[in-house]
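Visitor: After the structure tokens below, expect a handful of questions from me.
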Amino acid sequence: TRCPRCPTRGAHRRWRTIAGALETVEWAKMTPEEREEEAMDMVIRLATTINAYEEVAFTSKSTNMGTYVYEKLDAIPEEFRPRLMDELSDVGLVNCWYIAGLLYKVKLQEREAGGALDISSDLEDYQERLDATVEQAAASGGADFSLDESVDDDDYADDEEGRAAKARRAAALVASAAGVQVFEGRAANVPGGPFVNRFQKVFYPSPKDVGVWFGRVVLKKPGFVEKYLPLYFRTNDTVERFLKVGATAEDADLLLDYQNPPYLESDMPPAMRYPSRRTPGKNGTWWPEPKLAIPPFDTLVDYLRPLGPGVYAGRGWRDGGRGDEFLTFV
């Protein structure tokens, strides 16, 4: 689930299905407390549906659950979508993979009429928003991106809501300066709780190959583990649009290949600073020196499917996607 660092204040996309428009919620007229309460109510109701997908699927065969979940997620403001992971059970996390697979039953023409509904377009759209935020900040003299200087105090009211809006804008500017997209993730059926099953996947566009993304998995582990297991990946050429999982012939949008990671310093994120090797931000991503993964991670590949805007369901396989299933995650 994309980390809530939206570079446009209070904005999120409105997606229309073939059946019609979503129910309108006037978020702008709500107080922050009302906004959070309404959003969390939507998140909990959606998580309850996903957790009980087998029962729901049995009673609603006429509904494509893939499009239903996608539009429900799109109706939730971007900053609250990561909360879905907290409300999903392990069964619900696994169900997300199958629900996202139902989107491939929607004809391509219908998908494009209602919204791209593919990960490549989603990543590119968000990257354009990051770049636009950088350009706007540079034009207004705020290119330093420090939390104190990147926001004009006169633009915000001197109250709690105004200070919160200023902080969100400042954080968005710093995230935009990093040039990377940070996704928070949770894996299913991993013993040990949130200290083990939580991670981040960080994406940035390849500096050389259009349509290819590089990145790494950030584990919530001590630094020495990250150093020897940086888990860099590169994606397929997303111009190909859709993929098939080698082991199962299931449909997917994106392949993360840990077998052939980027190795050159020139392939690292442009905003990576030396000697810290971090991209900007209070909790900026660390980029250790790339190296081959150790077994059993050396033959892993992940396949991703869109569950909602900025929310992806994934599953990993060994042996380059032709072996045993390794992990399911959101």
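The values are calculated or read from the model by the stated rules, or taken from the named source; none is laboratory data. Bear in mind that the values here come from a model prediction, so they are computed numbers and not experimental data. Positions of Cβ are generated from backbone atoms using ideal geometry, with glycine treated the same way; all protein chains shown enter the neighbour counts. Heads up: the accessible areas ignore ligands, DNA and RNA and are worked out on the full protein's heavy atoms, side chains in. Shrake-Rupley method; radii C 1.70, N 1.55, O 1.52, S 1.80 Å.
Visitor: What are the pairs, 6+ residues apart or on separate chains, where a residue within the stretch 20-33 that is under 13 Å from residue 75 (Cα atoms) has its Cβ under 6 Å from a residue that is at pLDDT 60 or above and among the basic types (Lys, Arg)?
Guide: These pairs meet every condition: 27/35.
Visitor: Determine, yes or no, whether residue 129 is modelled with pLDDT of 80 or more, in a helix (DSSP H, G or I) and surrounded by 14 or more Cβ atoms within 10 Å (Cβ to Cβ).
Guide: Values: modelled with pLDDT of 80 or more: yes; in a helix (DSSP H, G or I): yes; surrounded by 14 or more Cβ atoms within 10 Å (Cβ to Cβ): yes.
When the stated conditions are applied, residue 129 passes them.
Visitor: Continuing with the same structure: Give the residue, chosen from 202, 190, 182, 196, that is of a type in the set (A, V, I, L, M), in a helix (DSSP H, G or I) and closer than 23 Å to residue 82 by Cβ. Write out each step before concluding.
Guide: Values: 202 fails: in a helix (DSSP H, G or I); 190 fails: in a helix (DSSP H, G or I); 182 fails: in a helix (DSSP H, G or I).
Checking each option against the conditions leaves just 196.
Visitor: Give the stretch 245-275 a look and list any residue that's under 21 Å from the mean Cα position of the chain (by Cα), surrounded by fewer than 18 Cβ atoms within 10 Å (Cβ to Cβ) and part of a strand (DSSP E or B), or say none.
Guide: Within the stretch 245-275, 251, 257 qualify.
Visitor: Being under 23 Å from the mean Cα position of the chain (by Cα), open to solvent by less than 60 Å² (accessible area, probe 1.4 Å), within 21 Å of residue 100 (Cβ to Cβ) and in contact (Cβ under 8 Å) with a residue 60 or more places away in the chain is the requirement here; does residue 297 meet it? Show your work before the answer.
Guide: On the way: under 23 Å from the mean Cα position of the chain (by Cα): yes; open to solvent by less than 60 Å² (accessible area, probe 1.4 Å): yes; within 21 Å of residue 100 (Cβ to Cβ): no; in contact (Cβ under 8 Å) with a residue 60 or more places away in the chain: yes.
When the stated conditions are applied, residue 297 does not pass them.
Visitor: Looking at the stretch 28-84 only, could you name the residues that are outside any helix (DSSP H, G or I), basic (Lys, Arg) and open to solvent by less than 80 Å² (accessible area, probe 1.4 Å)?
Guide: Our first condition is that a residue be outside any helix (DSSP H, G or I); within the stretch 28-84, this holds for 30-31, 52, 60-64, 76-77, 81-82.
Of the ones still in play, those that are also basic (Lys, Arg) are 61, 81.
Answer for the stretch 28-84, where residues must be outside any helix (DSSP H, G or I), basic (Lys, Arg) and open to solvent by less than 80 Å² (accessible area, probe 1.4 Å): just 81.
Visitor: Now, a different point. For the stretch 254-274, state whether one or more residues are at pLDDT below 90 and at positive phi. Give the steps one after another, and end with the answer.
Guide: Just the residues of the stretch 254-274 that are at pLDDT below 90, to begin with: 259-274.
Restricting the remaining residues to those that are at positive phi gives none.
For the stretch 254-274, residues at pLDDT below 90 and at positive phi: absent.
Visitor: Going by the structure shown, is residue 65 within 21 Å of the chain's Cα centre (by Cα) and at pLDDT below 95?
Guide: Details: within 21 Å of the chain's Cα centre (by Cα): yes; at pLDDT below 95: yes.
Against the criterion (within 21 Å of the chain's Cα centre (by Cα) and at pLDDT below 95), residue 65 qualifies.
Visitor: Here's another thing I want to ask about it. Within the bounds of the stretch 223-237, is there any residue that is surrounded by 12 or more Cβ atoms within 10 Å (Cβ to Cβ), in contact with an Asp or Glu (Cβ under 6 Å, 6 or more places away or on another chain) and among the basic types (Lys, Arg)?
Guide: yes
Visitor: Here's another thing I want to ask about it. Which residues, counting only those in the stretch 278-308, are over 16 Å from residue 257 (Cβ atoms) and outside any loop (DSSP other than H, G, I, E, B)?
Guide: 278, 286, 305, 306, 307, 308
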